[in-house]
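Below is one structure, written out as structure tokens; the observations come after it.
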There are 2 protein chains.
Amino acid sequence: MDTELIRRLGHVVGDAGLVLGEAEQAPYVEDWLRKWRGRTPVVVRPRNTTEVSAVMRLCRQTGTPVVPQGGNTGMSGGAAPDDSGAQVILSLNRMRRIREVDAVNNTITVDAGVLLADVQRAAREAGRFFPLSLGAEGSCTIGGNLATNAGGTAVLRYGNTRELALGLEVVLPDGRVWSGLRGLRKDNTGYDLRGLFIGSEGTLGVITGAVLKLYALARGRVTAWVGVDTPGAVVGLLSHMQALCGERLTAFEMMSAHCLDLVQAHVSGAVQPLDGRHRYYALVELSDTAPEALTELLEQGLAQAMEAGLADDAVIAASETQSQALWRLREGISQAQVRAGKAVKHDIALPISRLAAFIEEADAALAEDFAGLPIVNFGHVGDGNLHYNVLLPLDVAAAEYGRLTAALNRRVHDLVAQRGGSISAEHGVGQLRRDELRRYKSTVEMDLMLLIKRALDPDQLMNPGKLL
Amino acid sequence: MDTELIRRLGHVVGDAGLVLGEAEQAPYVEDWLRKWRGRTPVVVRPRNTTEVSAVMRLCRQTGTPVVPQGGNTGMSGGAAPDDSGAQVILSLNRMRRIREVDAVNNTITVDAGVLLADVQRAAREAGRFFPLSLGAEGSCTIGGNLATNAGGTAVLRYGNTRELALGLEVVLPDGRVWSGLRGLRKDNTGYDLRGLFIGSEGTLGVITGAVLKLYALARGRVTAWVGVDTPGAVVGLLSHMQALCGERLTAFEMMSAHCLDLVQAHVSGAVQPLDGRHRYYALVELSDTAPEALTELLEQGLAQAMEAGLADDAVIAASETQSQALWRLREGISQAQVRAGKAVKHDIALPISRLAAFIEEADAALAEDFAGLPIVNFGHVGDGNLHYNVLLPLDVAAAEYGRLTAALNRRVHDLVAQRGGSISAEHGVGQLRRDELRRYKSTVEMDLMLLIKRALDPDQLMNPGKLL
């Protein structure tokens, strides 16, 4: 790389804004899963939108490819550079300003580099609620959440990140700034540029700021742990609770008995909430601004479900502490999975009406073609989103891991595609699913995306090798 | 127009699918407001997506511009042809098939030509709720709602049409079909094409089908009519009710005292719900799947609001009949307005936190510059959306109407733009606001939209003269 370019970038962002040494670059060139590792001549860390604009202008002038990066906590390699050593990393991690909290408009305006947990905190301090919530919330940035249209545990009630953003500020590949920071609930003045940039994984521009929706703060929640016999009953229980509770239903998570076994074996302090063993467990949560009758409603719903054969046993958390213990079982799966084996992961979504049949069929297919490999089946059933993972032994050889990953991905994703599902529900495409995207998307859809990519990034400098 | 093209179009859609006579074409070439009237060589009415595709291919081959049309009930002239006589009208009104209702997935899949009221009915028959609701629901089509990203009275709780669609089927300008009819809550596999086509007003392709979200059916609603003294108190009441009631708050509509006067004068059977006179009135509605404590909650909220000086008087409907009577006051404004004068209309949105200051300032500005002209101020305050109209005398001369419309639009829209608002909240741009869009949008945003338009419709055949 041109040392002259690095010098000019330094003029824009200051010395503290350049990361040049190999050791200092390490957290930027490798993702946190340690799956993708690349090289970069320089990590550039602008302090504000004007600096991002100047950086992009310099990169455009010199034909330098740019990899935008937030907290670098993605699951699909979307923020890692390739190993050419030609791609500049544009990190937003110095842009951490909460620009405005507007409690009356129910909006918060933030820099892209603000940590998700800090957005949640600022909302709470204003007596409001920002619903986006996911495992990495203490280290991921809202800009990364927007770039990947992150999902998480609150989608059932509040939608994905795209549904939570009213306005954006984006620096385009040519350095111009689109100031779309509107805090409006209704605005029909042209194409939905906001929605287009959200989920585009840094391939169309750099999101530098956003206006996000806030909601009323719940004044109470109740959580239940439910033992269920079949995937069909899990879905039936979901339908029943939705019809009875409406938007109060804030979470509906599922895990197989095997997941709970793993958590009990590998996570300290994990206690099985029910006496008997059930094939599946659902974590059901209601929350409400007026929570007086919440427990009664949950009890009523679960009693009706048991009568209808949709649930076999259930316990309702009697305190916030017990509620947190139930959530730890759900959240412990990732950690337990890492300790128990090498996971071949699937982040899939299906129409909820086809979820049960998919599970039965996929379980049978894998039992036949991949006998003996344990399935770690859990996820956000309320959104039709399963993390349908398969565990390989911890000491599996790299070549064998690669071979089995490809074969398992193909088997599972083909089944998903046949049922009108998605092979990437909430983790994005990045590098991980890029080739498979071409397999499962129609030519027409790929063409439309490429037309848009070429129109907005004609020099193809934005996050090359990702998504498309 | 080439009679050969008309013959070939007839081969595609059959004789009953062509509208050729002037009298028969009348309902298609003029919008229902009778504001825009154009000419067309032929109205083509395909029966299914394959026929739409064939029609588009023929038009592409012959360089024929196409104006897609749904129920032709738009407010901005987006579905009317120009007077060149060269633009073919592509009406979706024979595509009225409800393709699938999936109660477990909470989705409905429909042809674009299905009437909005029929979508609502099919949802209800399946024990579910489709929330989009607006005055024209008996004659507008869901395709038109999608093309214009329609708003209406349920946006506060459920969002605009864009938020209500999970998947689309679109015929592209070259006749190819994008089959994006996915019924998934989570799908992060590329750019948000769905969001892009929604609200693009027929300028990028023809929406032929959609997968729409369904919701749990409320089992009860309560409605209140509230007298309020100032715009600031109206907004304060909204904030209070949102924090207390959360998503139960289904409607928060506002009207000025003058609006109620008009309704009482011009709509038969309209009865003022409160004894005293108040400067503003709010129509507040809660609904819920578990409605047992709903009235109590509304009473509590209104009592607190009165104590805090946010409301002066209120009445809660004691029955569904009374509730409907309150809604008729709100819905009667359009009719009353037509009888009382010629309205200069504004369909604006503001951040809710700036709404009160806007109203005070706009009222003062118009009182000074346009003294004596009554202001008809009402709207969906819960969405920050006002129909801030101004009444001219019924016998105003056409030239004077034109002059005053331009002057009033400029005055109001400049104030809106200064406060970060939108000059087209829910009615779209069409022909009506096309020139003003250029005034209020940044160059960068206009450029982005034009880049997308040129990429997806390179021959510029889709709905020319609209939006951009």
**OP:** For the range B:304-352, name all the residues that are open to solvent by 70 Å² or more (accessible area, probe 1.4 Å) and hydroxyl-bearing (Ser, Thr, Tyr).
**Re:** B:Thr321
Original post:
Of the residues that make up the range B:320-330, is at least one among the basic types (Lys, Arg) and assigned to a helix (DSSP H, G or I)?
Top reply: yes
**OP:** Can you give me the number of residues within the range A:15-33 that are open to solvent by 20 Å² or more (accessible area, probe 1.4 Å) and under 18 Å from A:Met95 (Cβ atoms)?
**Re:** 5
**OP:** Go over the candidates A:Leu366, A:Leu355, A:Leu373 one by one and state the one that is closer than 30 Å to A:Ala218 by Cβ and either open to solvent by 10 Å² or more (accessible area, probe 1.4 Å) or in a helix (DSSP H, G or I) (or both).
**Re:** A:Leu355
**OP:** Would you check which residues across the range A:420-468 are closer than 27 Å to A:Ser84 by Cα, aliphatic (A, V, I, L, M) and facing chain B (nearest Cβ under 10 Å) and list them?
**Re:** A:Val429, A:Leu437, A:Met446, A:Met449, A:Leu450, A:Leu451, A:Ile452, A:Ala455, A:Leu456, A:Leu467, A:Leu468
Original post:
Any residue in the range B:34-52 that is of a type in the set (A, V, I, L, M) and open to solvent by 20 Å² or more (accessible area, probe 1.4 Å)?
Top reply: no
Original post:
Any residue at all in the range A:366-388 that is among the aromatic types (Phe, Trp, Tyr) and either under 21 Å from A:Gly227 (Cβ atoms) or at pLDDT below 95 (or both)?
Top reply: yes
Subject >> Restricting the range A:259-276 to residues that are assigned to a loop (DSSP other than H, G, I, E, B) and out of contact with any Lys or Arg (no Cβ under 8 Å at 6 or more places or on another chain), the residue that is surrounded by the most Cβ atoms within 10 Å (Cβ to Cβ) >> reply: A:Pro273
Subject >> Qualifying positions in the range A:53-65 - on the phi < 0 side of the Ramachandran plot and open to solvent by 20 Å² or more (accessible area, probe 1.4 Å) >> reply: A:Ala54, A:Arg57, A:Arg60, A:Gln61, A:Thr62, A:Pro65
Subject >> Among residues of the range A:213-231, those that are aliphatic (A, V, I, L, M), open to solvent by 10 Å² or more (accessible area, probe 1.4 Å) and part of a strand (DSSP E or B), counted >> reply: 2
**OP:** Mind counting the residues in the range B:23-53 that are at pLDDT 95 or above and farther than 16 Å from B:Val67 by Cβ?
**Re:** 8
Subject >> Matching entry among B:Thr64, B:Thr73 (being assigned to a loop (DSSP other than H, G, I, E, B), among the β-branched types (Val, Ile, Thr) and touching a Ser or Thr at 6+ places or on another chain (Cβ under 6 Å)) >> reply: B:Thr73
Original post:
Quick one: which of B:Leu156, B:Leu204, B:Leu181 is touching a residue at least 60 places away in the same chain (Cβ under 8 Å) and over 30 Å from B:Ala349 (Cα atoms)?
Top reply: B:Leu181
Subject >> Residues within the range B:295-318 that are under 29 Å from the mean Cα position of the chain (by Cα) and farther than 20 Å from B:Arg279 by Cα, tallied >> reply: 2
Original post:
Just one of the numbered conditions (1) closer than 25 Å to A:Gly341 by Cα; (2) within 14 Å of chain B (Cβ to nearest Cβ); (3) of a type outside the set (D, E, K, R) is not true of A:Leu244; which one?
Top reply: (1)
**OP:** Confirm whether B:Gly195 is on the phi > 0 side of the Ramachandran plot, open to solvent by less than 10 Å² (accessible area, probe 1.4 Å), modelled with pLDDT of 95 or more and in contact with a helix residue (DSSP H, G or I) (Cβ under 6 Å, 6 or more places away or on another chain).
**Re:** no
**OP:** Would you mention how many residues in the range A:366-396 are farther than 22 Å from A:Arg433 by Cα and of a type in the set (Gly, Ala, Ser)?
**Re:** 4
**OP:** Assess whether B:Thr73 counts as being more than 20 Å from B:Leu5 (Cα to Cα) and open to solvent by 20 Å² or more (accessible area, probe 1.4 Å).
**Re:** yes
Original post:
Has the range A:343-364 got at least one residue that is in the same structural domain as A:Leu249 (by the TED database) and within 30 Å of A:Leu244 (Cβ to Cβ)?
Top reply: no
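The values are calculated or read from the model by the stated rules, or taken from the named source; none is laboratory data. Note that the coordinates shown come from a computational prediction; the quantities given were computed from them, not determined experimentally. Neighbour counts run over all protein chains shown; Cβ positions are idealised from the backbone, glycine included. Accessible surface is based on the protein model in full, side chains and every heavy atom, while ligands, DNA and RNA are left aside. Shrake-Rupley method; radii C 1.70, N 1.55, O 1.52, S 1.80 Å.
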